[in-house]
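Asks: Here's a structure for you.
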Amino acid sequence: MNTTQKTALIIGGSRGIGRATALRLARDGYAIIATCRQESAASAELADGVAACGVPFTLLTFDVGDRDEARRQLEGAFGEGGAPDVAVFNAGQADDNLFAFMTPAQWSDVLRTNLDGFYNTIQPLVFGMLARKSGRIIAISSASGQTGQAGQVNYSAAKAGLIGAVKALAREVGRKGVLVNAIAPGLIETDMTKELPKERILPLIPLARAGVANEVAGVVSFLCGPDSTYIHGQVIAVNGGLVM
Ligand code: NDP
């Protein structure tokens, strides 16, 4: 890897929005370090896609809920106190149920991946970005975190928590040249949403369609680039008008 090449870390980069983001940032010229839980056909396909862009690719495999393993692997990739130029926290999972029936595991697992995962993977990198006086941190939240969604008390809480974390962190690190923002997608066609009853959701979307992962990846690219240097502590909605 040459020393002038910028590096983007995509936490949860193997599929869906994370995969599209990794490929988009590869096309933008970033060396890509992507993470997922385990190697799969999807991660192999991603490796091929990034290689086709002519930039280096590294895959890290760990569960973002595993704090010690996350730190160990990130230190292995960036060195102690090191950090990528861009860190995108995209890993997420949903496990929906009405709150009256929600099990302790449904609550804990969703909070651990979607919110603890942010601490586990981003906190180890912040010191390095502060020392370097540059960096971009982008967290993928959700429209559910902005408005709350019935059947998703766990997921909405985690995604709203991410928005709070992003805003607080933005206040801490802005002076040191580290820009922090969140993106709140609405309904995006991915594995996560393929079982959802689209016929009930589409009438609520003014653009009358689901979004595609590239439409989120393009916003990540913008938030990493030279035209967004005064955007900080914001939640950028990518939702076809679902939430205004
Ligand atoms: P997918 O299910 O398609 O992909 C999820 C990604 O996160 C995969 O790369 C997966 O890796 C990784 N991941 C999930 N859990 C963990 C974990 N515990 N540890 C490490 N990696 C993990 O989801 P989407 O692309 O749809 O969603 C991406 C993000 O966008 C999520 O945070 C989601 O909540 C958010 N979002 C999605 C919306 C949508 O409509 N699709 C709407 C709003 C927000 P692996 O291959 O190992 O499973």
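The values are calculated or read from the model by the stated rules, or taken from the named source; none is laboratory data. Everything numeric in this text was worked out from a predicted model, so none of it was measured. Here Cβ is always computed from backbone atoms with ideal geometry, including for glycine, and neighbour counts include all displayed protein chains. The accessibility values were calculated without ligands, DNA or RNA, using every heavy atom of the protein model including side chains. Shrake-Rupley method; radii C 1.70, N 1.55, O 1.52, S 1.80 Å.
Asks: Just checking, how many residues over segment 208-219 are of a type outside the set (D, E, K, R), part of a helix (DSSP H, G or I) and more than 8 Å from the ligand (Cβ to nearest atom)? First the steps, then the outcome.
Replies: In the first step, residues of segment 208-219 are kept if they are of a type outside the set (D, E, K, R); the result is 208, 210-214, 216-219.
Pick out the ones that are also part of a helix (DSSP H, G or I) and you get 213-214, 216-219.
So of that shortlist, the ones also more than 8 Å from the ligand (Cβ to nearest atom) come out as 214, 217-219.
Qualifying residue count for the region: 4.
Asks: If you don't mind, another one. Taking segment 175-193 only, how many residues are in a strand (DSSP E or B) and basic (Lys, Arg)?
Replies: 0
Asks: Right, something else. Confirm whether GLN123 is outside any helix (DSSP H, G or I), open to solvent by 30 Å² or more (accessible area, probe 1.4 Å) and not β-branched (Val, Ile, Thr). Break it down into steps so the answer makes sense when it comes.
Replies: Details: outside any helix (DSSP H, G or I): no; open to solvent by 30 Å² or more (accessible area, probe 1.4 Å): yes; not β-branched (Val, Ile, Thr): yes.
Considered against the rule, which asks whether it is outside any helix (DSSP H, G or I), open to solvent by 30 Å² or more (accessible area, probe 1.4 Å) and not β-branched (Val, Ile, Thr), GLN123 comes out as no.
Asks: Could you check ALA143 against (1) under 21 Å from ALA42 (Cβ atoms); (2) open to solvent by less than 50 Å² (accessible area, probe 1.4 Å) and say which number it fails?
Replies: (1)
Asks: State whether one or more residues within segment 141-159 are more than 22 Å from THR113 (Cβ to Cβ), in contact with a helix residue (DSSP H, G or I) (Cβ under 9 Å, 6 or more places away or on another chain), free of Cβ contacts under 8 Å to residues at least 24 places away in the same chain and not in a loop (DSSP other than H, G, I, E, B).
Replies: no
Asks: Consider ARG37 against the criteria (1) open to solvent by less than 50 Å² (accessible area, probe 1.4 Å); (2) under 20 Å from LEU115 (Cα atoms); (3) in contact with a strand residue (DSSP E or B) (Cβ under 7 Å, 6 or more places away or on another chain): it satisfies all of them except one. Which criterion is unmet?
Replies: (1)
Asks: Right, another one. Residues of segment 168-200 being within 10 Å of the ligand (Cβ to nearest atom), open to solvent by less than 50 Å² (accessible area, probe 1.4 Å) and touching a residue at least 24 places away in the same chain (Cβ under 8 Å), which ones? Please lay out each step first, then the result.
Replies: Here is the first cut: in segment 168-200, the ones within 10 Å of the ligand (Cβ to nearest atom) are 183-194, 196.
From the residues that got through so far, the ones that are open to solvent by less than 50 Å² (accessible area, probe 1.4 Å) too are 183-188, 190, 193.
Matches in segment 168-200: ILE183, ALA184, PRO185, GLY186, LEU187, ILE188, THR190.
Asks: Does ILE205 meet the test of being within 16 Å of the ligand (Cβ to nearest atom), of a type in the set (A, V, I, L, M, F, W, C) and within 19 Å of the chain's Cα centre (by Cα)?
Replies: In short, no.
Asks: Then there's this: Report yes if some residue within segment 93-115 is touching a Leu at 6+ places or on another chain (Cβ under 8 Å) and open to solvent by less than 40 Å² (accessible area, probe 1.4 Å); otherwise report no. Can you show your working first?
Replies: Pass one, segment 93-115, residues touching a Leu at 6+ places or on another chain (Cβ under 8 Å): 114-115.
Filter once more, keeping what is open to solvent by less than 40 Å² (accessible area, probe 1.4 Å): 114.
Within segment 93-115, one or more residues are touching a Leu at 6+ places or on another chain (Cβ under 8 Å) and open to solvent by less than 40 Å² (accessible area, probe 1.4 Å).
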